[in-house]
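Before any comments, here is the structure.
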Amino acid sequence: MGALLMRMGMVTREKVDRVLAEYAAFAHEELSPHEVPASLEAFGVAISAHGDDVDDLEESYAHILERAEALTDGAVAITDVRLRADKEHGEVLEFARNGVVVTQTTDHQSDDYLDHMAIMDFIGHVDPDPGDDPRRFHLVQFVRLMESNFETYFVFATPEQATVLEKELGLAMR
């Protein structure tokens, strides 16, 4: 996978070497389909939203946005993340994208679990402006096992890179 990501210009040789060194004990093994998205995150080309319970919803959303912002290499600045009560919608997530406030409704079944549908809606606000940078956050659809986690993954890639990742790694992205 590292060689593929290097060929596509998504990671450097140094990044591949660091990841392979970190995962040396099992880097030689073929990945099962449900392990591929987490590997993309390890290489720094994807982010995930935690599927299990979280300690703090607002902090967890802020962390997702912070990691997404970091992948844009400064093209997008996310600030002022907060989760607040809203009379009409119950609870909303607010943040500023390059100084412009974005409001996203959320639907929490519990104070312990993120609203993954809301994340799928707001992650597009972290995409760079289309005229400046063609990379986008693509939702990764993959085989899930009952015993595995239920993270939601987003790959940050150009449309062309996403197509290659789909073809070469057997992922579906939207």
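The values are calculated or read from the model by the stated rules, or taken from the named source; none is laboratory data. Nothing here was measured: the structure is a model prediction, and the numbers come from that model. Using ideal geometry, Cβ is built from the backbone for each residue, glycine included, and neighbour counts are taken over all protein chains shown. When the accessible area is computed, the model is the full protein with side chains, heavy atoms only, and any ligands, DNA or RNA have been set aside. Shrake-Rupley method; radii C 1.70, N 1.55, O 1.52, S 1.80 Å.
If you line up the long axis of helix 13-22 against the longest principal axis of the chain, both from Cα atoms, how many degrees apart are they, to the nearest 10? Compared with the principal axis, the helix lies near 90 degrees.
Within the stretch 32-140, none of the chymotrypsin sites (Phe, Trp or Tyr not before Pro) combine a DSSP coil assignment with at most 14 other C-beta atoms in a 10 angstrom radius. Counting Lys and Arg as +1 and Asp and Glu as -1 over every other residue whose Cβ lies under 14 Å from the Cβ of Arg7, the net charge comes to +1. Write out the GluC sites (Glu not before Pro) in the stretch 34-112 meeting two conditions: DSSP loop, and at most 11 other Cβ atoms within 10 Å of their Cβ. Here the GluC sites (Glu not before Pro) that fit, given the DSSP loop and packing criteria, are Glu88.
Taking label points 7 Å from Cα along the Cα-to-Cβ direction, Val100 and Arg174 give a separation of 2.5 nm. Between the amide H of Thr158 and those of Arg136, distances stay under 5 Å, these residues lying 5 or more places away or on another chain, with hydrogens modeled in the peptide plane.
Global size of the stretch 87-174: 15.4, 47 Å for Rg and Dmax (C-alpha atoms, Rg to one decimal, Dmax whole). Provide the net charge surrounding Ala42, with neighbours chosen by a C-beta distance below 12 Å and charges set as Lys +1, Arg +1, Asp -1, Glu -1. Within the 12 Å Cβ shell, the charges total -1. Heavy-atom accessible surface of Val100, to the nearest 10 Å², is about 90 Å², with a 1.4 Å probe and all protein chains retained.
Computed from the C-beta positions of His89 and Glu35, the FRET efficiency with R₀ = 41 Å rounds to 0.65. Taking the Cα centre of the chain as reference, the dipole from Cβ charges on Lys and Arg (+1) and Asp and Glu (-1) amounts to some 780 debye. Couplings 3J(HN,Hα) of the stretch 37-51, computed from phi: x, 5, 5, 5, 5, 4, 7, x, 10, 8, 10, 10, 10, 4, x Hz, in residue order, whole Hz [Karplus 6.51 cos²θ - 1.76 cosθ + 1.60, θ = phi - 60°; x for Gly and Pro]. Could you compute the net charge surrounding Val101? Neighbours are other residues with a C-beta less than 10 Å from the C-beta of Val101; K and R count +1, D and E count -1. Once all neighbours under 10 Å are counted, the net charge is -1.
The ellipsoid that matches the Cα gyration tensor of the chain has semi-axes, each √(5λ) in whole angstrom, of 29, 20, 14, with the longest given first.
Just round it to a whole percent: the fraction of Cα-Cα distances in the stretch 1-102 exceeding 22 Å.
46
Modelled this way, with points 7 Å down the Cα-to-C-beta line, the labels at Gln141 and Ala21 are 3.9 nm from one another. Computed per residue of the chain from DSSP H runs no shorter than four, each worth -39500 (n - 2.57), the mean residue ellipticity at 222 nm is -9000 deg cm²/dmol. Projecting label points 7 angstrom from Cα along Cα→Cβ for Tyr113 and Asp132 puts them 3.7 nm apart. With unit charges on the beta carbon (Lys/Arg positive, Asp/Glu negative), name the residue among Ala77, Ala162, Tyr113 whose Cα is farthest towards the positive pole of the charge dipole of the chain. In the chain, that residue is Ala162.
Applying the criteria of a DSSP loop state and at most 13 other Cβ atoms within 10 Å to the trypsin sites (Lys or Arg not before Pro) of the stretch 58-136 yields Lys87.
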